[in-house]
Amino acid sequence: MDRYHIALFIHIVALLAACAASALVHYSFTRRSASTSLSEARQWHAFASSTARVFPIAVVTLFITGATMI
């Protein structure tokens, strides 16, 4: 495997991670708004906050691998 294919693989993995994180954050926001108690809403908010940390990592990885493939 050459450098291009390794960068492509990492690029696709980062894209899948960003999509999965986006789906989980959207789901947790939906569940947070439908929660019946404050403690349940806090749990969903904490889950969304911890999952949202994936986005900056995925964006930087997508940018670096995309620049490598050019």
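The values are calculated or read from the model by the stated rules, or taken from the named source; none is laboratory data. From a predicted model like this one, the values you see are computed outputs, not experimental measurements. Backbone-built Cβ (ideal geometry, glycine too); neighbour counts: all protein chains shown. When the accessible area is computed, the model is the full protein with side chains, heavy atoms only, and any ligands, DNA or RNA have been set aside. Shrake-Rupley method; radii C 1.70, N 1.55, O 1.52, S 1.80 Å.
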Relative contact order, percent, of the chain when contacts are C-alpha pairs under 8 Å separated by at least 6 residues?
50 percent
Could you state the angle between the C-alpha long axis of helix 3-33 and the longest principal axis of the C-alpha atoms of the chain, as a value from 0 to 90 degrees rounded to the nearest 10?
10 degrees
Determine which residues of the range 43-59 fall in the zone a paramagnetic label at Val13 would reach in this model, i.e. backbone nitrogen under 14 Å from the point 7 Å along Cα→Cβ.
58
Could you rank Phe63, Phe47, Phe9 by how accessible they are, 1.4 Å probe, largest area first?
Phe63, Phe9, Phe47
Run the paramagnetic zone check for Ala41: 7 angstrom along Cα to Cβ, then residues of the range 18-33 with backbone nitrogen under 12 Å.
32-33
Please report, as a whole percent, how much of the solvent-accessible surface of the chain comes from carbon and sulfur atoms (probe radius 1.4 Å).
71 percent
Which of the trypsin sites (Lys or Arg not before Pro) found in the chain are in a DSSP loop and have at most 13 neighbouring Cβ atoms, other than their own, within 10 Å?
Arg53
Here are some values of Cα Rg over 2.2 N^0.38 Å: (1) 1.61; (2) 1.02; (3) 1.45. Which one was computed from this structure?
(3)
